[in-house]
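Chemist: Below you will find the structure I want to go over with you.
The values are calculated or read from the model by the stated rules, or taken from the named source; none is laboratory data. For clarity, every value in this text was computed on a predicted model and none was experimentally measured. Please note: Cβ atoms are built from the backbone with ideal geometry, for glycine as well, and neighbour counts cover all protein chains shown. These accessible areas exclude ligands, DNA and RNA; they are computed on the full protein's heavy atoms, side chains included. Shrake-Rupley method; radii C 1.70, N 1.55, O 1.52, S 1.80 Å.
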Amino acid sequence: MNQRGISVSEMKSFFFFSEWCSWLDFVARDEIMHQDIIPLYAADIQDQLKKQFAYLSGGRGGDGCPVITFPDYPAFSEIPEKEFQNVLTYLTSIPSLRDAGIGFILVIDRRQDKWTSVKASILRIAASFPGNLQLVLVLRPTGFYHRALSDIAFRFNRDEFKMKVPIIMLGSVSELQGYIDKTQLTEDLGGTLDYCHNRWLSRRTAIEGFAQKVKQTAQILQSFGTELAETELPNDVQSTSSLLATHTEKKNKMKEDIRLAVEQGDDILGSITKPVTENPEYKLNQDQLDNQTTVERLLAQLHETESAFDEFWIKHQLKLEQCLRLRNFEQNFREVKAALDTASERLSAFTDVGNSFSHVEHILKDLANFEEKSCEIIAKARMLASEGDDFIQSNHYAVDSIIPKCSELHHLCDAFTTETEQRRNLLNKSLELHGLLEKSMKWCDEGIYLLASQPVDKCQSQDGAESALQEIEKFLDTGAGNKIKELNKIYREYAPILNEDLKEHVQKVYQKQESMEEMFQKRQISLKKLAAKQTRPVQPVAPRPEAFVKSPGTSPCLQREYISNSDSSALRRGNYRRGKSEMTEQHQSRGGSTMDDEENLAVLRQHVINELIETERAYVEELLCVLEGYAAEMDNPLMAHLISPELQNKKDILFGNMEEIYHFHNRIFLRELENYIEYPELVGRCFLDQMEDFQIYEKYCQNKPRSESLWRQFSDSVFFQECQRKLDHKLSLDSYLLKPVQRITKYQLLLKEMLKYSKNCEGAEDLQEALTSILGILKAVNDSMHQIAITGYDGNLNELGKLLMQGSFNVWIDHKKGHSKVKDLARFKPMQRHLFLHEKAVLFCKKREENGEGYEKAPSYSYKHSLNMAAVGITENVKGDAKKFEIWYNAREEVYIIQAPTPEVKATWVNEIRKVLTSQLQACREAIQHRTLEQTQSLPLPASSCASPSRNHIRNTKKMDEKKSDLTSLEGYGTTAAPKYPEKGKGWAKTSHSLDASEENDGWSSAEDPLNSSDAEEEGGGGGGGGEMKLTPGKYTVVTDYEKGVSEEFTVKSGDLVQLIREGEDGHWYVKNLSSGREGWIPANNLLMLIGNSKSAQSLSSSESGTASSTLSTSSSCSDSCNASSTSFSDIKG
């Protein structure tokens, strides 16, 4: 509490008001009761006054002496002395001090009494009268005897009446009128004075009550005023507001009391002046006039006191209201200052200038969002400062306290605005620099691509060399706006934002630019030499074939399947060096320009692998930082008080399986990547070896919507702010929770970059396969995000197998074998359906868009119905629309006409459905073949050397199929996974099975054998199932011992599990014994004897499929053997 500082004006108002209160109290006390002793009030002796043994009629003598009348009262002698004394004291106290000082005239009426009584009355009055006496007039008894006796007795006993004033004995009222005017005497004394004792008593009681009310009001007002003046002002808003409400309530009560008192005085004044109002000729007696004057004076004093109180209250109320506004101002100042300090602290965290163009854009976006949120705080601060300025202008009593706060608010707002502008300018500068760096890097990449794309053989001619020179010169001309010209100028211009990392990045880009320009200079020199040499005719000579002969075999490390990490590292290094030495002759036969190109590409590959490993290390560190700085802290008892109850036990939702992702990258993938730092072109194998582990990202992405929703609810939690402060992170947790999603998409970009610089390297195929697999994972993740949005499906979606495709289509339904009423229900307008193709079923759902933010805005899919793939067939072409195909069910009992968005999407879906149906058919054939082999217990004939295609042919075929599958899949969707072992059959049987389709329609299902065509029969060699068994890569079980391997100490025994890796050109197979871990080459004929009836788990080749097809002599045999399918294969045509 602060001691209150009362202003001079307020002090004057208080003293003025206090004086009026004292004066009112005096008037109320003195004007009504002119006594020095304790006053008597009519209400106190009302019963005694009612006896009327004495009364003050209001009459006056000649000189204005008040007249007290003692009427004839038979029981006068029986009146108790106390009552007698009280009545006389009260009556003598009523006239004013001036009138009472002149003296009273006593009129004693004893006309009906005896002399003895008259004597006793006079003696009693003389002994007890408290006031001054002017004259005593006695109306003696009217009886003859008593009148004569009174005259004689009075004459002889005068000395007994010890009064200092004369006592006059009167015989009649006419004699009385000689002393007192008739108008001053009441009617019972023969006068005309209007007097009613009850009325007089009632009026006196009312006037005295009013006077007491005024006196109490004056005392209460003075006490309340003192309380207000001495009130100390509180320091907080609530107390000040409560004090103002309390004082206002008391003030209103005081005003109500004053109003009632004024109303009471007005009523009394009205009753006094009523006779005059009713009769203007009526004249009030002196007592009535005195009463009127008294009441009017009291009312006037009451009004003056009320005015003084109102004036004082206005200033007091103003003071309290100013205090309340000041306390609100101070409270808002504290809140705004805290908010500004927090905003400034967060603004100071925007020190990062970014490490890339997109990163700077992200920081700028965060800064813009932060600035947008801070605008409200700044506006509130400026409004508060303006409010303080208004206080100052209005002469607030606490100006000295307000001025510093307003100045501080203005300073903080200006400083925050200036700092924000500086941060934005720095980030814009950083954005400009990163844009320049990216333009330079892009220009360098385009230049390197130009050098790599120039064919060396065409540059051997003069025209070709000159054309290449022109391309180079044209490209170099584009460098004016793209390259970094002066490094020192960059340092000077961007000095405010150049930290060590950014400066190093600028140096690397500049070095890359210089290296690229140096390559261009070397290429220009080489081309100019070639152009100059062509000035004389030269006989072109074909290159010697020996220069282009490849090594006889490919190193075993080219295959990724089932090679241990320790062995594969040594193999890949040896093979890399051996491959380089084998191609030395070829490189030497080419010109110097080719050598330069290879060196340039090697440098670029090294850049990519360095970026891959460096970013992988940074990624692992970021994951560890999040797990230790946030996830672990959620279990820290010391931090438990900062965690909201709703957030507890939600760690698994917020972080998903991030810990599993961290362990995979930290313990496995990063270490494997580091093994390839010297052989960047072989890094594709690292991805392929760990491809299955990348499936963990699917689980993380599926949980991401729940994680993001939880984060939005608690993003402002003190716990997260404290963790971010401890970690000194510039970005909040949600930015780090997005890292795994960003990382899995980053790999495909790096693989594409590496593949671009490794097209002629031995690891190109693995890079292509790794890229395809990563794209497949991205597609699977994307598909799974849609799959988890399916609602209304009663079963378990995981039981439907892997999700292969998903997309939106127009769908028509036709019931061919249904009831006539069912046919009437055929849809003529297409339904919008979202299809999910699984390995075992295809689901039809209705897409429903959702409202929300982030992941909550993703659509949901209402399940409608599904088709079992075991009973599904397809018709690839529908007459009249290249985007339509049919899915029919149960021998075309139900036909679903599907219209894709584009023909490419249709082709992708048809191919994928075809693969599903083929795999079902193949599984059935394998079951039949296995049963046949068990029955015959015979070994297959040895395979001839020409039965298997060459290794190069298999690789080329595989590569072409993968590329074809990639192109087909990517046209319709962003990413899709190519099959690991592509199908290699010659084609599909083209027979129409639709009654409504044209002859061009191709329809088939897993219940049909697409290889039972003329092509398939020729390839399979016709009839029975006793043809030669074809070896394919895969796992097999050894049925007999073998101890004569090509590799040293390579042996296999009966029961060992072996892996057929690849076939050599000399009829040998490279085999790994999975039981012992050893590898070696085995002749194909011996291998057939070793594996006997063992069957590979891999997919069948085309020739094997052809052989298997010949075993399907009847559809019923397959149907009986294959328990996986519930549909009879005899149902071929609908």
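Chemist: Kindly evaluate L731 against the criterion of being in contact (Cβ under 8 Å) with a residue 40 or more places away in the chain, outside any helix (DSSP H, G or I) and aliphatic (A, V, I, L, M). Outline the logic, then answer.
Modeler: Numbers: in contact (Cβ under 8 Å) with a residue 40 or more places away in the chain: yes; outside any helix (DSSP H, G or I): yes; aliphatic (A, V, I, L, M): yes.
Answer is yes for this residue.
Chemist: Also, I was wondering about something else. Regarding segment 319-335, can at least one residue be identified that is assigned to a helix (DSSP H, G or I), polar (S, T, N, Q) and more than 47 Å from the chain's Cα centre (by Cα)?
Modeler: We begin by selecting, within segment 319-335, every residue assigned to a helix (DSSP H, G or I); these are 319-335.
Subset that is polar (S, T, N, Q): 322, 328, 331-332.
If we keep only those that are more than 47 Å from the chain's Cα centre (by Cα) too, we end up with none.
Among the residues of segment 319-335, not one is assigned to a helix (DSSP H, G or I), polar (S, T, N, Q) and more than 47 Å from the chain's Cα centre (by Cα), which makes the answer no.
Chemist: Could I ask something else about it? Does I94 satisfy the condition of being at pLDDT 80 or above and crowded, with 18+ Cβ neighbours inside 10 Å? Lay out the reasoning, then the answer.
Modeler: Working: at pLDDT 80 or above: yes; crowded, with 18+ Cβ neighbours inside 10 Å: yes.
Taking the combined requirement at face value, the residue satisfies it.
Chemist: Now a separate question. Please work out which one of (1) farther than 30 Å from L751 by Cα; (2) at pLDDT below 90 is the condition Q787 fails and give its number.
Modeler: The single condition Q787 does not satisfy is (1).
Chemist: Whether any residue in segment 596-610 is at pLDDT below 85, over 48 Å from the mean Cα position of the chain (by Cα) and not in a helix (DSSP H, G or I) is what I want to check.
Modeler: No; the residues of segment 596-610 include none that is at pLDDT below 85, over 48 Å from the mean Cα position of the chain (by Cα) and not in a helix (DSSP H, G or I).
Chemist: Shifting gears a bit: Looking at S820 and the list (1) modelled with pLDDT under 85; (2) farther than 30 Å from V608 by Cα; (3) of a type in the set (S, T, N, Q); (4) under 38 Å from the mean Cα position of the chain (by Cα), which single condition is not satisfied?
Modeler: Only one criterion in (1) modelled with pLDDT under 85; (2) farther than 30 Å from V608 by Cα; (3) of a type in the set (S, T, N, Q); (4) under 38 Å from the mean Cα position of the chain (by Cα) is unmet by S820, namely (4).
Chemist: What number of residues within segment 176-193 satisfy the criterion of being open to solvent by less than 40 Å² (accessible area, probe 1.4 Å) and touching a strand residue (DSSP E or B) at 6+ places or on another chain (Cβ under 9 Å)?
Modeler: Initial filter on segment 176-193 (open to solvent by less than 40 Å² (accessible area, probe 1.4 Å)): 176, 180, 185-186, 189-191, 193.
If we keep only those that are touching a strand residue (DSSP E or B) at 6+ places or on another chain (Cβ under 9 Å) too, we end up with 176, 180, 185-186, 189, 191, 193.
Residues meeting the conditions: 7.
Chemist: Still on this model: Do you know which residues across segment 376-419 are of a type in the set (A, V, I, L, M, F, W, C) and over 13 Å from F329 (Cα atoms)? Lay out the reasoning, then the answer.
Modeler: Filtering segment 376-419 for residues of a type in the set (A, V, I, L, M, F, W, C) gives 377-379, 381, 383-385, 391-392, 398-399, 402-403, 406, 409, 412-413, 415-416.
Once the filter is applied, which keeps residues that are of a type in the set (A, V, I, L, M, F, W, C) and over 13 Å from F329 (Cα atoms), segment 376-419 yields I377, I378, A379, L412, C413, A415, F416.
Chemist: Among the residues of segment 251-288, count how many are open to solvent by 60 Å² or more (accessible area, probe 1.4 Å), assigned to a helix (DSSP H, G or I) and at pLDDT 85 or above.
Modeler: At the first step, the residues of segment 251-288 found to be open to solvent by 60 Å² or more (accessible area, probe 1.4 Å) are 252-253, 256, 259-260, 263-264, 266-267, 274, 277-281, 283, 286.
Next cut, assigned to a helix (DSSP H, G or I) only: 252-253, 256, 259-260, 263-264, 266-267, 274, 277-278, 286.
In the following step, the residues that additionally are at pLDDT 85 or above were identified as 252-253, 256, 259-260, 263-264, 266-267, 274, 277-278.
Count: 12.
Chemist: Between a residue in segment 490-515 that is closer than 17 Å to K429 by Cα and surrounded by fewer than 17 Cβ atoms within 10 Å (Cβ to Cβ) and any residue that is at pLDDT below 85 and not acidic (D, E), which pairs come within a Cβ distance under 7 Å, given they are 6 or more apart or on different chains?
Modeler: Sorted first by the residue in segment 490-515, then by its partner, the pairs are N499/V353; D501/N355.
Chemist: Do we have any residue at all in segment 649-663 that's open to solvent by 60 Å² or more (accessible area, probe 1.4 Å) and either within 25 Å of L771 (Cβ to Cβ) or in contact with a Gly (Cβ under 6 Å, 6 or more places away or on another chain) (or both)?
Modeler: Looking for residues that are open to solvent by 60 Å² or more (accessible area, probe 1.4 Å) and either within 25 Å of L771 (Cβ to Cβ) or in contact with a Gly (Cβ under 6 Å, 6 or more places away or on another chain) (or both), one finds at least one in segment 649-663, hence yes.
Chemist: While we're on this one: When segment 611-643 is examined, which residues are found to be open to solvent by less than 50 Å² (accessible area, probe 1.4 Å), touching a residue at least 40 places away in the same chain (Cβ under 8 Å), more than 18 Å from R725 (Cβ to Cβ) and of a type outside the set (D, E, K, R)?
Modeler: Passing the criteria: L612, I613, T615, Y619, V620, L623.
Chemist: Let me ask something else about it. With respect to K474, determine if the residue is free of Cβ contacts under 8 Å to residues at least 24 places away in the same chain, more than 44 Å from the chain's Cα centre (by Cα) and open to solvent by 30 Å² or more (accessible area, probe 1.4 Å).
Modeler: Working: free of Cβ contacts under 8 Å to residues at least 24 places away in the same chain: yes; more than 44 Å from the chain's Cα centre (by Cα): yes; open to solvent by 30 Å² or more (accessible area, probe 1.4 Å): yes.
Yes: the conditions hold for K474.
Chemist: While we're on this one: I'd like to verify a number: residues in segment 888-904 that are under 41 Å from the mean Cα position of the chain (by Cα) and open to solvent by less than 10 Å² (accessible area, probe 1.4 Å), how many?
Modeler: Selection size over segment 888-904: 1.
Chemist: A further question follows. Return the residues of segment 290-306 that are open to solvent by 70 Å² or more (accessible area, probe 1.4 Å) and either free of Cβ contacts under 8 Å to residues at least 24 places away in the same chain or at positive phi (or both); say none if nothing qualifies. Lay out the reasoning, then the answer.
Modeler: So in segment 290-306, the residues open to solvent by 70 Å² or more (accessible area, probe 1.4 Å) come out as 293, 296-297, 303-304.
Listed by number, the list holds a single entry, T293.
Chemist: Under the condition of being open to solvent by less than 30 Å² (accessible area, probe 1.4 Å) and either modelled with pLDDT under 85 or within 14 Å of N328 (Cα to Cα) (or both), which residue from segment 238-247 is farthest from the chain's Cα centre (by Cα)?
Modeler: Let us first name the residues in segment 238-247 that are open to solvent by less than 30 Å² (accessible area, probe 1.4 Å), namely 240, 244, 247.
Retained after the next criterion (residues that are either modelled with pLDDT under 85 or within 14 Å of N328 (Cα to Cα) (or both)): 240, 244.
Details: T240: 36, L244: 40 Å.
The selected residue is L244.
Chemist: Next up: If a residue has to be in a helix (DSSP H, G or I), at pLDDT below 80 and not polar (S, T, N, Q) to count, how many in segment 446-479 make the cut?
Modeler: Looking only at that region, the number is 6.
Chemist: Follow-up question, since we're still on this one. Please go through segment 696-728 and pick out each residue that is without any contact (Cβ under 8 Å) to a residue 60 or more places away in the chain, surrounded by 16 or more Cβ atoms within 10 Å (Cβ to Cβ) and either among the basic types (K, R) or under 30 Å from K802 (Cβ atoms) (or both).
Modeler: Passing the criteria: I696, Y700, N703, R706, S707.
Chemist: Looking at (1) crowded, with 20+ Cβ neighbours inside 10 Å; (2) in contact with a helix residue (DSSP H, G or I) (Cβ under 6 Å, 6 or more places away or on another chain), find the lone condition where D689 falls short.
Modeler: (2)
Chemist: Quick check, is N395 closer than 28 Å to Y491 by Cβ and open to solvent by 70 Å² or more (accessible area, probe 1.4 Å)? Step through it out loud before you land on a result.
Modeler: Values: closer than 28 Å to Y491 by Cβ: no; open to solvent by 70 Å² or more (accessible area, probe 1.4 Å): yes.
Spelling it out, it is not the case that N395 is closer than 28 Å to Y491 by Cβ and open to solvent by 70 Å² or more (accessible area, probe 1.4 Å).
Chemist: Can you pull out every residue in segment 207-246 that is assigned to a helix (DSSP H, G or I) and of a type in the set (S, T, Y)? Before you say what the answer is, go through the steps one by one.
Modeler: Going residue by residue through segment 207-246, those that are assigned to a helix (DSSP H, G or I) are 207-230, 237-246.
Correct list: T217, S223, T226, S239, T240, S241, S242, T246.
Chemist: Moving to a separate point now. Scan segment 352-410 residue by residue and report those that are of a type in the set (F, W, Y) and under 29 Å from the mean Cα position of the chain (by Cα). Before you say what the answer is, go through the steps one by one.
Modeler: Taking segment 352-410 first, the residues of a type in the set (F, W, Y) are 357, 370, 391, 397.
F357, F370 - these are the residues of segment 352-410 that are of a type in the set (F, W, Y) and under 29 Å from the mean Cα position of the chain (by Cα).
Rundown of residues vs (1) out of contact with any strand residue (DSSP E or B) (no Cβ under 6 Å at 6 or more places or on another chain); (2) within 30 Å of I68 (Cβ to Cβ); (3) not acidic (D, E), yes/no style:
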position	(1), (2), (3)
S174	yes, yes, yes
Y195	no, yes, yes
K215	yes, yes, yes
D236	yes, no, no
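Chemist: Looking only at segment 769-779, count how many residues are open to solvent by 20 Å² or more (accessible area, probe 1.4 Å) and either closer than 14 Å to D693 by Cβ or among the hydroxyl-bearing types (S, T, Y) (or both).
Modeler: Here is the first cut: in segment 769-779, the residues open to solvent by 20 Å² or more (accessible area, probe 1.4 Å) are 769, 773, 778.
Next, from what is left, pick out any that are either closer than 14 Å to D693 by Cβ or among the hydroxyl-bearing types (S, T, Y) (or both): 773.
Matching residues across segment 769-779 total 1.
Chemist: If we scan segment 32-44, do we find a residue that is farther than 30 Å from L326 by Cα, at pLDDT 60 or above and buried (at least 20 other Cβ atoms within 10 Å of the Cβ)?
Modeler: First, the residues of segment 32-44 that are farther than 30 Å from L326 by Cα: 32-44.
Going one step further and asking which of them are at pLDDT 60 or above, we end up with 38-44.
Still in the running and buried (at least 20 other Cβ atoms within 10 Å of the Cβ): 42.
Yes, segment 32-44 has at least one match.
Chemist: Next question, about the same structure. Taking the conditions exactly as written (under 21 Å from the mean Cα position of the chain (by Cα) and at pLDDT below 90), does E345 satisfy them or not? It would help to see each step written out before you state the result.
Modeler: Values: under 21 Å from the mean Cα position of the chain (by Cα): yes; at pLDDT below 90: yes.
It is true that E345 is under 21 Å from the mean Cα position of the chain (by Cα) and at pLDDT below 90.
Chemist: Find the residue count for segment 477-496, including only residues that are more than 46 Å from the chain's Cα centre (by Cα) and of a type in the set (S, T, Y).
Modeler: Of the residues in that region, 1 qualify.
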